[in-house]
Amino acid sequence: EKEWLDTWATHYLTGEKIPDEIISKIKEALTFNEGYACYRQLSFGFLDMAWHTITNPVHSTISEFESAAIAKTELFPKVEGVNMSASFGHIFGGGYASGYYGYKWAEVLDADAFSYFTETGIFNRETAAAFRKNILEKGGTEKPHDLYVGFRGKEPTIDALLTRSGLK
């Protein structure tokens, strides 16, 4: 954010602040390939949930199962012989069992919370105090959702993430 950069990011000889047009280019570059990255992460979440919500024996190959699970997010033709499931250690041995979607949910919360700071001013003391009081100080003493709503004053939405990612 320009407001933050202006507090410290200056030319080492002249003291000149970063020009607005450079900051705009930096922000534009942040969204490069975001659509693909989002779809890829969603496909990991769908695959994880598919494996961990099986209620009947699977009679298809791993490739067929995987293709069906991620069909909604597939952007490119399938590469034969590639199985994400066989190399996706997170979902079987890494303690993420049916929780990989948490990465995307964390992005939703991050973007939504930061949008509150940008709405009220990134250095707004009241917003910072609400974050400290409702999130940081309480830790795991209450349901995370309730803590978040206590901070933000409303339910989180995906809107800020879509905007930040350049998808809205």
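For this structure, a couple of remarks:
- Taking all Cα pairs closer than 8 Å and separated by 6 or more residues, the relative contact order of the stretch 35-152 comes to 25 percent.
- Between E16 and A37, the distance separating the two model label sites (each 7 Å from Cα on the Cα→Cβ line) works out to 3.0 nm.
- Of K27/K72; K27/K78; K27/K143; K133/K154; K27/K104; K72/K104, those spanning more than 23 Å from alpha-carbon to alpha-carbon: K27/K72; K27/K78; K27/K143
- Modelled spin labels at W8 and K138, positioned 7 Å past Cα toward Cβ, are 3.0 nm from each other.
- Estimated vicinal HN-Hα couplings, Hz - the stretch 163-168 in sequence order (Karplus 6.51, -1.76, 1.60; Gly, Pro = x): 5, 4, 7, x, 9, 10
- Surface share of carbon and sulfur [accessible, 1.4 angstrom probe, percent] for the chain: 59
- Accessible area (Å², per residue) of the stretch 27-133, counting only protein heavy atoms and a probe of 1.4 Å: 66
- Charge tally for A37 (other residues, Cβ to Cβ under 11 Å; Lys, Arg +1; Asp, Glu -1): 0.
- Contour excess over end-to-end distance, with Cα ends at N124 and E1 and 0.36 nm allotted per residue: 42.9 nm
- Shape of the chain from the C-alpha gyration tensor: oblate (a/c of 1.5 or more and a/b not above b/c, with a ≥ b ≥ c the square roots of its eigenvalues).
- Peptides ranked, highest mean first, by Cβ atoms within 10 Å: ranges 77-85, 149-157: 149-157, 77-85
- CD proxy at 222 nm, helix term only [per DSSP H run n ≥ 4: -39500 (n - 2.57); per residue of the chain; nearest 500]: -15500 deg cm²/dmol
The values are calculated or read from the model by the stated rules, or taken from the named source; none is laboratory data. Source: prediction; values computed, not measured. In this analysis, Cβ positions are derived from the backbone assuming ideal geometry, glycine residues included, and neighbour counts consider all displayed protein chains. When the accessible area is computed, the model is the full protein with side chains, heavy atoms only, and any ligands, DNA or RNA have been set aside. Shrake-Rupley method; radii C 1.70, N 1.55, O 1.52, S 1.80 Å.
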